[in-house]
1. For ASP284, work out the one condition from (1) under 21 Å from the mean Cα position of the chain (by Cα); (2) surrounded by 15 or more Cβ atoms within 10 Å (Cβ to Cβ) it doesn't fulfil.
2. Only one of GLY270, GLY223, GLY188, GLY196 is small (Gly, Ala, Ser) and within 30 Å of ILE351 (Cα to Cα). Can you tell me which?
3. If a residue has to be part of a loop (DSSP other than H, G, I, E, B) and either touching a residue at least 40 places away in the same chain (Cβ under 8 Å) or surrounded by 14 or more Cβ atoms within 10 Å (Cβ to Cβ) (or both) to count, how many in the range 105-127 make the cut?
4. Would you be able to tell me the number of residues in the range 214-242 that are assigned to a loop (DSSP other than H, G, I, E, B) and under 29 Å from ASP266 (Cβ atoms)?
5. If a residue has to be under 15 Å from the mean Cα position of the chain (by Cα) and touching a residue at least 12 places away in the same chain (Cβ under 8 Å) to count, how many in the range 171-204 make the cut?
6. Filter the range 87-104 down to residues that are outside any helix (DSSP H, G or I) and farther than 19 Å from ARG234 by Cα, then give me how many there are.
7. Mind listing whichever residues of the range 227-247 are loosely packed, with under 15 Cβ neighbours inside 10 Å and within 20 Å of ASN181 (Cβ to Cβ)?
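Just so it is clear, none of the values below were taken in a lab; they were calculated from the coordinates. Owing to the predicted nature of the structure, the values given are computational and were not obtained by experimental measurement. Using ideal geometry, Cβ is built from the backbone for each residue, glycine included, and neighbour counts are taken over all protein chains shown.
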Amino acid sequence: MKALQSIHRMLVKRSIPYLSLLLVLFVNAQDVRATDLPQEEVNVRSDEKSDIPYIGVQTEQKIDEVHESASILLVNTAQWLDSFFDDPNYIDEENKTRATLKLTAGYDRHEGFDFKPRLSLRLKVPRTEGRLNLIISFSDDEDFDLDNNPLSSSSTDHIESDRDELTAGLRWLISQSKRSNLSTTAGGSYDYVYVGLRYRGYYDYGSWQGRFVERIRYYTDDGFENKIQYDLERQVSDRFFFRTKLDVKWSEEESGLPHGLIFYLDQVFGPEKAIRYEWGNYFDTSPSYAMSDLQLRLRYRQRFYRDWLVLEIGPMVSFPRDYDREINPGIVVRLEADFGYKAYLKDFKNIFHF
């Protein structure tokens, strides 16, 4: 018993300084009355029913400003990388006059060698406050599946479909901001006409960013098609950017529901060169649920002698179900000439800081 009493006295003695400090802090906190605060702050605090502790208006504003700056930096990084790798999501939202000529050659074990030129033209229509774009695309009609995945190479996807020799359309930008984008399109080719609606939104999860994209279209030959994509992405360091993508496509023409889970890691070496590492897992639900393909890609892109000229080399290996999972090595080489390109060196320095 005496031993327990001694331990108790020791604990009380050592706790007195800490209890005193807590008491002083509590008394000082009680001295901060509503009369000492700005009137607008008093009104805000009296109306709010929240458990968030008060840390001061100026401190809150600084925290919010830092958070907003970090969010904007993350959005800008994603957009710069999508621009550099010519991502379809960036192309669908770019709002400036531009023409691109692509010469692509590819080889793999199952498809052999193929060569495909493609020309795309986008014009901002004058006197529309920059909201209306005229889009024209031309490509040959030869089969070219080497540079596609099971979601983009489907016969019902009219964007990359090989039968589209010449397509033309109009895109109207309903609303556009850093956080969201809403547009509608209408156009067609020799054998079909389409209308569609596209929405994109960014969602903030702290150091992570979510991106939701949905594109709904109706084609006169194949009916409705709906593509949904959700990305989770973050900047790992000044040189690395990570993204995971869930991609789902439903079409009236198809019986299954093809979808994919793809992982990307972008490594930036400077404003002129970067590498994208891709790991794509693709699935289908018809005739039974199974993996349709597994693809591993490496895409190296570098500006080639001129800012507006880009060289891409993309070795890959896939394991398609249609060929009994046999390893299928291949490579894609592409040369792009971009007319209307502007070097965003200042934007790059603001994003990557090296």
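1. Condition not satisfied by ASP284: (1).
2. Numbers: GLY223 fails: within 30 Å of ILE351 (Cα to Cα); GLY188 fails: within 30 Å of ILE351 (Cα to Cα); GLY196 fails: within 30 Å of ILE351 (Cα to Cα).
GLY270 is the lone residue from the list that is small (Gly, Ala, Ser) and within 30 Å of ILE351 (Cα to Cα).
3. Initially, the range 105-127 is screened for residues part of a loop (DSSP other than H, G, I, E, B), giving 109-111, 125-127.
Applying the additional criterion that residues be either touching a residue at least 40 places away in the same chain (Cβ under 8 Å) or surrounded by 14 or more Cβ atoms within 10 Å (Cβ to Cβ) (or both) yields 109-111, 125.
Result for the range 105-127: 4.
4. Number of matching residues: 4.
5. Residues that pass the stated criteria total 10.
6. 11
7. LEU246, the sole residue that qualifies.
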